[in-house]
1. Consider segment 58-71. How many of its residues are within 9 Å of the chain's Cα centre (by Cα) and either free of Cβ contacts under 8 Å to residues at least 12 places away in the same chain or under 17 Å from GLU31 (Cβ atoms) (or both)?
2. Look at segment 40-57 and say how many of its residues are more than 16 Å from the chain's Cα centre (by Cα) and in contact (Cβ under 8 Å) with a residue 60 or more places away in the chain.
3. Say whether the condition of being surrounded by fewer than 22 Cβ atoms within 10 Å (Cβ to Cβ), within 26 Å of LEU25 (Cβ to Cβ) and either among the hydroxyl-bearing types (Ser, Thr, Tyr) or modelled with pLDDT under 90 (or both) is met by at least one residue in segment 112-127.
4. Which residues, counting only those in segment 10-26, are of a type in the set (A, V, I, L, M) and either in a strand (DSSP E or B) or surrounded by 14 or more Cβ atoms within 10 Å (Cβ to Cβ) (or both)?
Amino acid sequence: MNAADLLYQEVVVEHKRAPRHFGTLEAPTHEARGRNPQCGDEVEVQLRVEDGRVADIAFHGQGCAICIASSSMMTEAVLGRDVGAARELQQRFRAVLTGQAEPQAETLGKLVSLSGVCRYPSRIKCALLGWHALMHAIGEASDAPDEAKALP
């Protein structure tokens, strides 16, 4: 096992064991649910958007280690960013997982540790489920069959 694979395992295990921002928000402005019927993963993402930026975010649900770890890392990566930057990060992350872009730590941060998922096509949906829900929540997902609801 090489060093990159070891790092990948350590980061995924840490985020699965102790997911960041796991739970629900008291007053979300946006939320969406994602479900992968093939494996049973289900994630709901809630966020509070203020002045065009993600002021708070939480997720809850159940899923495999990759799904939960990716959702956890997503919350850390987008918290405090403006919505446009969150969209761009999702697009970069998706491009890396689908083999359309090379992983770069300077643009992905800790998310680069999930780049190895691209070697396992059946797990890509697991890693992207929380991200699809996030995009639905902020109104920018077009290719995922998830449910979304922006709150008044």
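1. Count: 1.
2. Counting residues in segment 40-57 that are more than 16 Å from the chain's Cα centre (by Cα) and in contact (Cβ under 8 Å) with a residue 60 or more places away in the chain gives 1.
3. Checked segment 112-127: no residue is surrounded by fewer than 22 Cβ atoms within 10 Å (Cβ to Cβ), within 26 Å of LEU25 (Cβ to Cβ) and either among the hydroxyl-bearing types (Ser, Thr, Tyr) or modelled with pLDDT under 90 (or both).
4. Residues satisfying the conditions are VAL11, VAL12, LEU25.
The values are calculated or read from the model by the stated rules, or taken from the named source; none is laboratory data. Just so we're clear, the structure is a prediction, and the values are computed from it rather than from any experiment. Ideal geometry is used to build each Cβ from the backbone, glycine not excepted, and the neighbour counts take in all protein chains shown.
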